[in-house]
1. Quick one: which residue in 72, 132, 62, 84 is in contact with a helix residue (DSSP H, G or I) (Cβ under 9 Å, 6 or more places away or on another chain), more than 29 Å from residue 341 (Cα to Cα) and touching a residue at least 60 places away in the same chain (Cβ under 8 Å)?
2. Name the strands (runs of 3 or more DSSP E) wholly within region 116-226 that hold at least 2 residues that are at pLDDT 95 or above, touching a strand residue (DSSP E or B) at 6+ places or on another chain (Cβ under 8 Å) and not assigned by TED's automatic domain parsing to the domain that holds residue 57?
3. Kindly indicate whether residue 107 is crowded, with 24+ Cβ neighbours inside 10 Å, touching a strand residue (DSSP E or B) at 6+ places or on another chain (Cβ under 6 Å) and either in contact (Cβ under 8 Å) with a residue 24 or more places away in the chain or assigned by TED's automatic domain parsing to the domain that holds residue 238 (or both).
4. Could you please find all residues in region 126-169 being within 19 Å of residue 225 (Cβ to Cβ), buried (at least 20 other Cβ atoms within 10 Å of the Cβ) and more than 23 Å from the chain's Cα centre (by Cα)?
5. What's the number of the condition residue 277 fails, among (1) in the same structural domain as residue 66 (by TED's automatic domain parsing); (2) in contact with a strand residue (DSSP E or B) (Cβ under 8 Å, 6 or more places away or on another chain); (3) within 29 Å of residue 67 (Cβ to Cβ); (4) buried (at least 16 other Cβ atoms within 10 Å of the Cβ)?
6. As an exercise: evaluate residue 25 against (1) in contact with a strand residue (DSSP E or B) (Cβ under 7 Å, 6 or more places away or on another chain); (2) in the same structural domain as residue 370 (by TED's automatic domain parsing) and give the number of the one condition it does not meet.
7. For region 304-327, does any single residue satisfy the condition of being part of a strand (DSSP E or B) and either crowded, with 21+ Cβ neighbours inside 10 Å or touching a helix residue (DSSP H, G or I) at 6+ places or on another chain (Cβ under 6 Å) (or both)?
8. The conditions are (1) surrounded by 20 or more Cβ atoms within 10 Å (Cβ to Cβ); (2) in contact with a helix residue (DSSP H, G or I) (Cβ under 9 Å, 6 or more places away or on another chain); (3) over 28 Å from residue 345 (Cβ atoms), and residue 216 fails exactly one of them. Which is it?
């Protein structure tokens, strides 16, 4: 079965060109310039970008990954797919160990089915001082042995662990995670600059939602933000929803880290795609007002209601990046972090036909995953 998409503006990290592409058996087999050699599905000059890759997502459409419930998880994935995310990691939040193991085991089944690209533990090994929307009563000191039990529950599908490097046992746990091929991400941390560097030396390679749940930059006490930005081994996550990070600070981070070290995430929770109201994130009650999710008690930001197409659009229209730069931040760089850039993350021959068709206003009008239309333009 062969499909040609014609009359497209194809966006790659290298640039934008008018052309066409052919898909066979779920993969891209040809990418060409100019007019297609044969009739195909005409896109009317619309932009085609690679499917978005989300490293950090707690749910959507009323479904919450931390519960581990399959029906809710499927609804969440379906919502984000309709908004262009074709590869997604399910993020958990701090919980009791038994609950985390149960949810992990359940979500691993959806990873087996190819619905999810892995599981991310955001907690419980994080700082009480910077725990944000995590239940402080369930925080724990990091333990390689304890984490090994969570890894076993995931049956090879645990992809990332967010950890505060200043905690007792953190460096050994980072080393253990890295040795198992799990991405160690520094975040929800009150670490000093030096403690952050120690975490990087131990094997951490990602900064969980940079700026958020971290001490602010200081000219005498630079803290973790400076260490994470300047170290070439670190890929920084950023939430571009207009709430978590000011566009000027996003531009600053991008100018320092560059496209190969910057990945946009949604940090979405169950309210994504839903209206204002009351929701739950882990064990915490959340109130969403005007699309902004905050804890019912204390008012801390509690994830987001963001979808990746909105993050992409804001990156171009509000932050001022080019389309090729935006596709690197939303697709190729996160794919590299996950280790799947050989199969997805850009429009290239041999890669999966994970594609998003965008209007001139950068609104989603078509989504394809592995060669099958989810939203047909």
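The values are calculated or read from the model by the stated rules, or taken from the named source; none is laboratory data. In this text the structure is predicted, and so the values were computed from the model without any measurement. Note: ideal-geometry Cβ built from the backbone for every residue, glycine included; neighbour counts use all protein chains shown.
1. Values: 72 fails: more than 29 Å from residue 341 (Cα to Cα); 132 fails: in contact with a helix residue (DSSP H, G or I) (Cβ under 9 Å, 6 or more places away or on another chain); 84 fails: more than 29 Å from residue 341 (Cα to Cα).
Result: 62 is the single residue among 72, 132, 62, 84 that is in contact with a helix residue (DSSP H, G or I) (Cβ under 9 Å, 6 or more places away or on another chain), more than 29 Å from residue 341 (Cα to Cα) and touching a residue at least 60 places away in the same chain (Cβ under 8 Å).
2. On the way: elements: 119-122, 158-163, 183-186.
Strands (runs of 3 or more DSSP E) meeting the threshold: none at all.
3. On the way: crowded, with 24+ Cβ neighbours inside 10 Å: yes; touching a strand residue (DSSP E or B) at 6+ places or on another chain (Cβ under 6 Å): yes; either in contact (Cβ under 8 Å) with a residue 24 or more places away in the chain or assigned by TED's automatic domain parsing to the domain that holds residue 238 (or both): yes.
Spelling it out, residue 107 is indeed crowded, with 24+ Cβ neighbours inside 10 Å, touching a strand residue (DSSP E or B) at 6+ places or on another chain (Cβ under 6 Å) and either in contact (Cβ under 8 Å) with a residue 24 or more places away in the chain or assigned by TED's automatic domain parsing to the domain that holds residue 238 (or both).
4. 166, 167
5. Evaluating residue 277 over (1) in the same structural domain as residue 66 (by TED's automatic domain parsing); (2) in contact with a strand residue (DSSP E or B) (Cβ under 8 Å, 6 or more places away or on another chain); (3) within 29 Å of residue 67 (Cβ to Cβ); (4) buried (at least 16 other Cβ atoms within 10 Å of the Cβ) leaves (4) as the failure.
6. (1)
7. If we filter region 304-327 for residues that are part of a strand (DSSP E or B), which is where we start, we get 304.
Next, from what is left, pick out any that are either crowded, with 21+ Cβ neighbours inside 10 Å or touching a helix residue (DSSP H, G or I) at 6+ places or on another chain (Cβ under 6 Å) (or both): 304.
Checked against the condition, which is being part of a strand (DSSP E or B) and either crowded, with 21+ Cβ neighbours inside 10 Å or touching a helix residue (DSSP H, G or I) at 6+ places or on another chain (Cβ under 6 Å) (or both), region 304-327 yields at least one hit.
8. Only one criterion is unmet by residue 216, namely (1).
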